[in-house]
Structures are given as C-alpha cells and as structure tokens.
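A.B. asks: Okay, handing you the structure first.
A short reminder: the numbers here are calculations on the coordinates, not readings from a lab. In this text, all values refer to a predicted model and were calculated from it rather than measured experimentally. All Cβ positions, even for glycine, are placed from backbone atoms using ideal geometry, and neighbour counts span all protein chains on display.
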Amino acid sequence: MDRQIPTVNLLNTPVCILPLEQAAEQAVQYARSASRPYAVGLTDVHVLTRARHEERFRTAFHRFDFVCPDGMPLVWDINAQVDPTQKLSGRVSGAELMDTIIRKGTSGQPLVHFFLGGSEALLADVSRVFREKYPAVVIGGIYSPPFGQWPDEENAKITGLIEQSGAHCVWVGLGCPKQELWIGENLYQLPTAVFFSVGAAFAFHGGHVKRAPFLFQKLGLEWLYRVLMEPCRLWKRYATYIPLYFYYQIKDRIN
C-alpha cells in the first residue's frame, strides 16, 4: 500500500479516504509516471471480508497501492472514524472511477487504455461507448481471455498484448476473486502500467447489466438489487460474506 495516501483500517485492510476526483487524479499520476506496475482496487463488503477471511486473497490484495471504498457501509464506517473535514460524501465505484480516469486521460498527452476480461461482444460495446463519449480516448487493445485457471503460456500472452499496446491503464474485469488474485500475485512481473480491478464496470458501461437505482445505491443496498437481478450467480456470495462481515465487525469491537 502507498503510505502517502490517507487510509482508514477496515477489517485489517487500509482503505483510502480520497474522494472520487482525488483518487482518479492519484491514479493518473501513477499512469503518467510510468515508473513501475501499480495496482488500484475497489472494495465493497464482499471484497473486504474476503481479504480478512482468506489468507491468499489478503496477501494479494494488500499488494495494491491503494483501494477505494465501493460500498456505502464502508463509507459510513470510514466517516465514523475520521475528522469531519475528511468525511466522504459517497463511495468510489469502479464504473465511476473508470469513467473519470478515461475522461482525465484525454487531456494533454493522452493515456492509452487496455481492457481485459469479459466477452468479445462486451469489450466491443465498452470500447464503442467510450469512443462515442470521449472521441479523444486511446484504446490500445482489448482481450477476452479464456475461463478457468490460466497456464503460464496464457499469462505470457496477456502480458505481451498489454506491453505491445503501450497501455498506461489496464482495466481488469475478471470478477472477484480472480481479478485481485491475478493482479496482486503477478504485479511485480506485469508491464509498467496501472492495473485496476473493476469487476462489473465493463458490464455497466457496455449496457449489458443495469445499475441499481440511485436510492438503492445511496442506502447501501446495491448488493440486494444485484442479487435480485442475478440470483443464481450472486446469492451464495452475499449469503456467505455479509454475515462474515458483521461477525468480524463485532469481533473487532469486542477485542
């Protein structure tokens, strides 16, 4: 973790307390410095609890330079611990962070972006949406990888494609925990760029999944909306990790 970025400890993970614009600006500075591979993550209750509960995931996730609170329960927890001047007005979602950085990257020397994850159709739609919204955007490459565990040859292919693209920003939408594990465990072997774990941001931007209504988001209930929309895929995740989140919250307060 980047020690220069202000954080609050949530379930033993340092979560940054920068609002959206400042978090995006910090990531853009990383991208323009081109000094080494960087990792920027987003964490909600599920990701945060997984980092506390699973050692392998925690080790990988704690290699990220900073992680943003992508969930209102985390924002409420942060605001209960910080000075009034540092309180956050809202979360930093993966979709919003992606949009903000791509917008900022069209100013001055343009940043080059690479999209990794999802189907070819989804990546084509995401690319089209951003080119229409920001005509100056530079998308250096996209790649829809195979499902399952990747052999060394596939990892080499992916890193080669990223390197050839000249990307400053690599948007990784493989779903949790795969995207965090892949970035964290391979970070020091990855090309010089900023790697973002953005989960469902591709699906939102590409129009393949509808975002929760604003009221659900503001009340910290986007997870419920997503479960209602995709019950077969998501019910087990939240049935497991939401109780664990409260268990660790209570355990930490008792201790």
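A.B. asks: Averaging sequence separations of C-alpha pairs under 8 Å and six or more residues apart, then dividing by the length of the chain, give the relative contact order as a whole percent.
C.D. replies: 25 percent
A.B. asks: Same structure again: Taking the Cβ of Thr106 as the centre, find all other residues whose Cβ is under 12 Å away and add up their charges (Lys, Arg: +1; Asp, Glu: -1).
C.D. replies: Once positives and negatives cancel, what remains is +3.
A.B. asks: If you rank Lys236, Lys157 by fewest surrounding Cβ atoms within 10 Å, what's the result?
C.D. replies: Ranking Lys236, Lys157 by Cβ neighbours within 10 Å, fewest first, gives Lys236, Lys157.
A.B. asks: A further question on this structure: Would you calculate, for the chain, the mean residue ellipticity at 222 nm contributed by helices, counting each DSSP H stretch of 4 or more residues as -39,500 (n - 2.57) and dividing by all residues, to the nearest 500?
C.D. replies: Helix contribution divided over all residues of the chain: -15000 deg cm²/dmol.
A.B. asks: Now, a different point. Considering just Cα atoms, how many Å³ per residue does the convex hull of the chain enclose?
C.D. replies: Spelled out: Cα convex hull of the chain, divided by residues, is 130 Å³.
A.B. asks: When averaged across all projection directions, what area in nm² does the alpha-carbon convex hull of region 108-149 cover?
C.D. replies: 3.3 nm²
A.B. asks: Another question, if that's okay. Between region 85-115 and region 1-53, how many Å separate their Cα centres?
C.D. replies: Value for the Cα centre distance between the two parts: 13 Å.
A.B. asks: Where Lys and Arg each count +1 and Asp and Glu each count -1, what net charge lies around Thr192 among other residues with Cβ under 11 Å from its Cβ?
C.D. replies: So the surrounding residues net to 0.
A.B. asks: Could you run the Karplus curve 6.51 cos²θ - 1.76 cosθ + 1.60 with θ = phi - 60° over region 72-79 and give me ³J(HN,Hα) per residue in whole Hz, x for Gly and Pro?
C.D. replies: Calculated HN-Hα couplings, in order: 5, x, 6, 4, 4, 5, 4, 5 Hz.
A.B. asks: Using only alpha carbon pairs under 8 Å that are at least six residues apart, calculate the relative contact order of region 1-87 and give it in whole percent.
C.D. replies: In percent, rounded to a whole number, it is 38.
A.B. asks: Same structure, new question: So, counting K/R as plus one and D/E as minus one, what does the shell of residues with Cβ under 13 Å around Gln149 add up to?
C.D. replies: After counting each charged neighbour, the total is -3.
A.B. asks: Give the span of region 78-132's Cα atoms along each principal axis, as three whole-Å numbers ordered largest to smallest.
C.D. replies: 44, 30, 17
A.B. asks: Show the residues, 5+ positions off or on another chain, whose built amide H is closer than 5 Å to the amide H of Val112.
C.D. replies: Counting only residues 5 or more places away or on other chains, the set is His168, Cys169.
A.B. asks: Can you tell me the relative contact order of region 139-251? Whole percent, Cα pairs under 8 Å, sequence separation 6 or more.
C.D. replies: 18 percent
A.B. asks: A follow-up question, please. What is the order of His208, His46, His168, fewest Cβ neighbours within 10 Å to most?
C.D. replies: Ordered from fewest to most neighbouring Cβ atoms within 10 Å, His208, His46, His168 come out as His208, His46, His168.
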